[in-house]
């Protein structure tokens, strides 16, 4: 799913005569009494709620103005001369072969304005409460061009505001992952994906570490890797998968650097594979470590290199300089290794039905420890799709307090396999709580489910009672960081309620609460993205930027988080003109060059906006890396 955000790039007061080589109709540019004529329009924009969104939508060769708030629409278009005109801009204007971009107020072809009476008369509404009105048609000679559509807001026929649309990848906001108690607190891996491709999986144990590389060394032996392997204490685990991101220092020939890093990464995989029989699934990528290079030359005699192209940096540090910089460069040769581990299966080779029989026998024998171990093996069979979740219903567990943990695990696991089972599992745990009223795992799981079900309006909740239940977990031994996470989720949910009721003051208070509270507990990558999206949706993109800015300059940041940060910040010239911002862009290019270059496509072609290339700094980076 996509959502379009509109940003005021400039309120231009001067127009070059060259811009008027085309028909400007009856629009008044830079009128002497512009402030007076635009007074109502300016007031409407000052009063615009942050939550109002609007854009130009293309259907075939027709253009429509779309908005989500009719009241604000009516406040903008009051007088007969209030209206909209569309500036149709072609990406050809930004061709990398053009030495520089001339800054005219009208960037492309100006279409005939549509005024207040026609706008209101043509306004329609769809099932999602989005209002739209036709505002123009694309000329035939531009139909095959890569185009974008800027909006001129007119007050009494005077140009009052000029807006550029940019398109931001949208990930539906979600609750911070609270997990569910099985033997220990266990989390769903909610993969960072567009909302149309959401997916869930039970997370295995994961570990991340860094292996430094010595200069010119490419092979790693068992002896090199075994101390690392042993230090992880994974004798009870097998490595299920490896994700290795290998980095070279930036001196030398780029192609050779990448080849060397790939060899190093593959040698790590080969060395680790010797310690176990199950095949390790691997993903290997290699790139030059420009990110840490530019981070580390801050405050050094080499800081001036940050303003040069990559090609020129290599020239400057060739030979003697690179040897002088070795104290920095040696830290840039490394591999960031993420291992996904799975517990060695003690019941390997046994069928699900055999395990079920052994589990029920262990219950009959009152051997609870054995039953727990077999229960985990059955969970593994479900996770690997060797048996269906229906097997959980065949596990014969008496409804007695001493078996409460086993019953809780079955119920929680059923929910984790399928969130649509939440209400059923919630009711099962309510009944279980009656026979084990002081079990902290059951208490925690109940409150986590209450928050989730409340979010989806599946149950009625007394909000003050829910807050009491969250805080009461402390006396049952639940760590305060988990309670803080739940309280943040409470305010994430209630912010949506305030938003729908147009209670923006209380919505802002809840957003502020979440902003202060998230610092009290660790965040997963999914949590970072969920929070950033939550802040953005509720009109606080600055909080989303602040949340992600530190991570954006680290080489092990999740790719989606990094690109989300770029989408939030590419339009902010105060950031993009900072030399440090180049580090972030090069980080993105290293991770996924194709995806980075696509940001500068037209909105209709999946980009943020090609008009970002008005910024000379962004254009230089784009033309250096994307103009193949």
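The values are calculated or read from the model by the stated rules, or taken from the named source; none is laboratory data. Quantities reported herein were computed from a predicted structural model and do not represent experimental measurements. Please note: Cβ atoms are built from the backbone with ideal geometry, for glycine as well, and neighbour counts cover all protein chains shown.
Numerical summary
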read-out	value
Within the stretch 39-150, strands (runs of 3 or more DSSP E) holding 3 or more residues that are under 27 Å from residue 541 (Cα atoms)	54-59, 62-67, 83-90
Residue 430 outside any loop (DSSP other than H, G, I, E, B), under 19 Å from residue 179 (Cα atoms), touching a residue at least 12 places away in the same chain (Cβ under 8 Å) and more than 31 Å from the chain's Cα centre (by Cα)	yes
Qualifying residue in the stretch 308-317 (condition: assigned to a loop (DSSP other than H, G, I, E, B) and free of Cβ contacts under 8 Å to residues at least 12 places away in the same chain)	yes
Selection count, the stretch 477-523, where residues are outside any helix (DSSP H, G or I), at pLDDT 90 or above and under 16 Å from residue 451 (Cβ atoms)	1
Selection count, the stretch 427-442, where residues are within 18 Å of residue 186 (Cβ to Cβ) and out of contact with any strand residue (DSSP E or B) (no Cβ under 7 Å at 6 or more places or on another chain)	6
Near pairs, Cβ below 9 angstrom, 6+ apart or cross-chain, from the stretch 50-71 (in contact (Cβ under 8 Å) with a residue 60 or more places away in the chain) to any residue that is assigned to a helix (DSSP H, G or I) and loosely packed, with under 12 Cβ neighbours inside 10 Å	61/140
Residue in the stretch 340-354 that is under 30 Å from residue 290 (Cβ atoms) and under 39 Å from the mean Cα position of the chain (by Cα) present	yes
Some residue of the stretch 380-397 being surrounded by 15 or more Cβ atoms within 10 Å (Cβ to Cβ) and touching a strand residue (DSSP E or B) at 6+ places or on another chain (Cβ under 8 Å)	yes
Residue that is nearest to residue 288 (Cα to Cα) [pool: residues in the stretch 524-562 that are assigned by TED's automatic domain parsing to the domain that holds residue 588, in contact with a helix residue (DSSP H, G or I) (Cβ under 6 Å, 6 or more places away or on another chain) and in a loop (DSSP other than H, G, I, E, B)]	555
Odd one out for residue 176, checked against (1) assigned to a loop (DSSP other than H, G, I, E, B); (2) modelled with pLDDT under 65; (3) surrounded by 12 or more Cβ atoms within 10 Å (Cβ to Cβ)	(2)
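Residue by residue, here is whether (1) in contact with a strand residue (DSSP E or B) (Cβ under 8 Å, 6 or more places away or on another chain); (2) loosely packed, with under 14 Cβ neighbours inside 10 Å holds:
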{"position": "417", "(1), (2)": "yes, no"}
{"position": "425", "(1), (2)": "no, no"}
{"position": "444", "(1), (2)": "yes, no"}
{"position": "461", "(1), (2)": "no, no"}
{"position": "465", "(1), (2)": "no, yes"}
{"position": "474", "(1), (2)": "no, yes"}
{"position": "482", "(1), (2)": "yes, no"}
{"position": "496", "(1), (2)": "no, no"}
{"position": "499", "(1), (2)": "no, no"}
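Yes/no matrix, rows are residues, columns are (1) touching a residue at least 24 places away in the same chain (Cβ under 8 Å); (2) within 19 Å of residue 425 (Cα to Cα):
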residue	(1), (2)
452	yes, yes
459	yes, yes
464	no, no
481	yes, no
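One line per residue, one yes/no per condition, for (1) under 16 Å from residue 610 (Cβ atoms); (2) surrounded by 15 or more Cβ atoms within 10 Å (Cβ to Cβ); (3) in contact with a helix residue (DSSP H, G or I) (Cβ under 7 Å, 6 or more places away or on another chain); (4) at pLDDT 95 or above:
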{"site": "73", "(1), (2), (3), (4)": "no, yes, no, yes"}
{"site": "76", "(1), (2), (3), (4)": "no, yes, yes, yes"}
{"site": "80", "(1), (2), (3), (4)": "no, no, yes, yes"}
{"site": "94", "(1), (2), (3), (4)": "yes, yes, yes, no"}
{"site": "101", "(1), (2), (3), (4)": "yes, yes, yes, no"}
{"site": "105", "(1), (2), (3), (4)": "no, yes, yes, no"}
{"site": "114", "(1), (2), (3), (4)": "no, yes, no, yes"}
{"site": "133", "(1), (2), (3), (4)": "no, yes, yes, yes"}
{"site": "164", "(1), (2), (3), (4)": "yes, yes, yes, no"}
